[in-house]
1. Based on what the data block shows, is residue 326 within 18 Å of residue 416 (Cα to Cα), buried (at least 18 other Cβ atoms within 10 Å of the Cβ) and free of Cβ contacts under 8 Å to residues at least 60 places away in the same chain?
2. Checking the condition in contact with a strand residue (DSSP E or B) (Cβ under 7 Å, 6 or more places away or on another chain) and either loosely packed, with under 15 Cβ neighbours inside 10 Å or not assigned by TED's automatic domain parsing to the domain that holds residue 118 (or both), which residue from 78, 89, 62, 67 passes?
3. Any idea which residue in segment 47-56 is surrounded by the most Cβ atoms within 10 Å (Cβ to Cβ), counting only those that are within 13 Å of residue 149 (Cβ to Cβ) and touching a residue at least 24 places away in the same chain (Cβ under 8 Å)?
4. Looking at segment 281-297, can you tell me whether even one residue there is assigned to a loop (DSSP other than H, G, I, E, B) and within 28 Å of residue 185 (Cα to Cα)?
5. When you look at residue 224, is it surrounded by fewer than 19 Cβ atoms within 10 Å (Cβ to Cβ), in the same structural domain as residue 198 (by TED's automatic domain parsing) and in contact (Cβ under 8 Å) with a residue 12 or more places away in the chain, yes or no?
6. If I ask for residues that are closer than 20 Å to residue 459 by Cβ and not in a helix (DSSP H, G or I), which ones from segment 351-403 would you list?
7. Output yes when any residue across segment 142-155 is assigned by TED's automatic domain parsing to the domain that holds residue 96, out of contact with any strand residue (DSSP E or B) (no Cβ under 9 Å at 6 or more places or on another chain) and not in a strand (DSSP E or B), and no when none is.
8. Restricting to segment 33-46, and then to whatever is surrounded by 15 or more Cβ atoms within 10 Å (Cβ to Cβ) and more than 23 Å from the chain's Cα centre (by Cα), can you tell me which residue is nearest to residue 110 (Cα to Cα)?
């Protein structure tokens, strides 16, 4: 369809008015298209040729409202670094309508009632990061929001310094957060809380609609999806960096990309957010924070479901997480099934990687080609004995596989990406973009959509990160 043929709906506006505020986007000055995602356009039934039109830029800039549009910002609260903040909300995101099951938001489209002391804008560097990473996560098989387009502008925005403003048009099956429930529970708005729960069931858990105890079952489903999401993050080596309850999706999605990072060298204690001085949101602590945030959500559900029954559900979070994590790591290691002793093999591996400072992604991709010759793996660490010791154990374990080396290698390459979007790669693209060169944005988008492919033209990004560029910390404005 053409843009002028699309009519959006606004199902969230059926909720009580306390849940949102209507607000119009404020377009950026002199906007221009940086990149558009044809795959997401197809999800929205939007003709691909429309992505090259001036009207499309106007649309992403908030200057063109689709038929049926009624833009608004959502209200929510949240625990930020463990401390409750009673009102947050969409401070720089404006919802512009729903097509099918996908809700569209303009991030960086101007002030809303919830902007607090902010300006409602997003800068180019953070917008590039979100646009690329959300696509990368999707193609790594991790539940996530996505993005239709990224535009830049000549408008100046102040952060640590003056920067160019940008907008990402992002899409998601849900934008409801743990903190959305916390907001109404904290203010004892039980009618709004129940209405929100019914909305979430209709939107993300329709199979629960006729359940008698559906709010308790809803909580259980959120626990399950969150545990699976945490396992996927850990298995791929992703550090979110800001796991506040307002950044946790009720639908089990990865949302709100800020100072995130993929691991360079494996480091269980890695902290990607320089604001996180105590390591609350460190890589290794993410599963624990998932449980902490679910407990906060449980308290918000106390007027909807039995606390005792929800406590029993939450007690099962650890097993769900562990079972899925071990399942994923079994695949990454090329083992045909999980055996109890594999826990020790994995523990030995991660300890070896931590001690040697081995690049996480490169190790597993190199292991995918392992045929008994150890040179390539030994080259990943300075000291060889720890790697030899682990490979001795791994060789013994592989003897119980029935598949050939070629079959094992092919399967491992389907779960061990050759490329992940490390921060130094993204920074290269950001640096080039500052002088108007978006070729690296386009190159990284190709990698994002096919992270398991060989891409010989991008081989320089396939190895371990240079020492000077490893494990950097970023700010929330990233």
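1. no
2. On the way: 78 fails: either loosely packed, with under 15 Cβ neighbours inside 10 Å or not assigned by TED's automatic domain parsing to the domain that holds residue 118 (or both); 89 fails: either loosely packed, with under 15 Cβ neighbours inside 10 Å or not assigned by TED's automatic domain parsing to the domain that holds residue 118 (or both); 62 fails: either loosely packed, with under 15 Cβ neighbours inside 10 Å or not assigned by TED's automatic domain parsing to the domain that holds residue 118 (or both).
Matching residue, one of 78, 89, 62, 67: 67.
3. 56
4. Within segment 281-297, the first condition is being assigned to a loop (DSSP other than H, G, I, E, B), and the residues that meet it are 281-282.
When the remaining residues are screened for being within 28 Å of residue 185 (Cα to Cα), the result is 281.
Yes, segment 281-297 has at least one match.
5. Numbers: surrounded by fewer than 19 Cβ atoms within 10 Å (Cβ to Cβ): yes; in the same structural domain as residue 198 (by TED's automatic domain parsing): yes; in contact (Cβ under 8 Å) with a residue 12 or more places away in the chain: yes.
Yes, satisfied.
6. Across segment 351-403, the qualifying residues are 358, 359, 368, 369, 370, 379, 380.
7. Scanning segment 142-155, I find no residue that is assigned by TED's automatic domain parsing to the domain that holds residue 96, out of contact with any strand residue (DSSP E or B) (no Cβ under 9 Å at 6 or more places or on another chain) and not in a strand (DSSP E or B), so the answer is no.
8. This residue is 33.
The values are calculated or read from the model by the stated rules, or taken from the named source; none is laboratory data. Fair warning: this is a prediction, and the values are worked out from it, not measured in the lab. FYI the Cβ positions are ideal-geometry reconstructions off the backbone, even for glycines, and counts take in every protein chain you see.
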